[in-house]
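These notes are about the structure you will find just below.
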Amino acid sequence: ELNCFKCGDKNTAPERFGRKDECGCGEDIHCCMNCKFYDAASYNECKEPQAERCDQKDRANFCDYWEPGDGGSGAEKEDLMSAAEA
């Protein structure tokens with residue numbers, strides 16, 4: 001199960017998510033921003049040190065390390081930053 005990074009909807013796959021799978025909102029599922037290793041504060045925005053660099057974090061990719069994440073990583077960081085600035 002995975003929560004979409006953009007709309008927050010829950011997505012499920014029978015076995016694994018494929019590269020071409022999309023959320024109901026039309027966003028790619030197999031992308032960095034939906035991965036459990038995505039972290040906007042980390043080098044290359046990824047906590048997996050062996051993963052190759054990916055420039056378009058919101059587009060489908062071929063990363064072998066991709067695993068479904070919670071979809072909240074990016075929004076959470078923005079909320080924390082806003083709170084710190086306030």
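The values are calculated or read from the model by the stated rules, or taken from the named source; none is laboratory data. Just so you know, these numbers come straight off a predicted model, no measurement behind them. Cβ sites come from the backbone with ideal geometry, for glycine too, and all protein chains shown count toward neighbours. When the accessible area is computed, the model is the full protein with side chains, heavy atoms only, and any ligands, DNA or RNA have been set aside. Shrake-Rupley method; radii C 1.70, N 1.55, O 1.52, S 1.80 Å.
What list of whole percents do you get for P(r) of region 1-69, with Cα-Cα distances grouped in 10 Å bins up to the one holding the largest distance?
That works out to 23, 57, 20, 0, in percent per bin.
When we measure straight from the Cα of Lys47, which lysines land under 18 angstrom away, once same-chain ones fewer than 8 places off are left out?
Output for Lys47: Lys36, Lys57, Lys77.
Spin-label point model (7 Å from Cα, Cβ direction): what's the Asp70 to Arg16 distance in nm?
2.5
In region 5-72, what percent of the accessible surface is made up of carbon and sulfur (1.4 Å probe, ligands and nucleic acids excluded)? Mind showing how you got there, number by number?
On the way: 1980 of 4620 Å².
Carbon-and-sulfur percentage of accessible area, whole number: 43.
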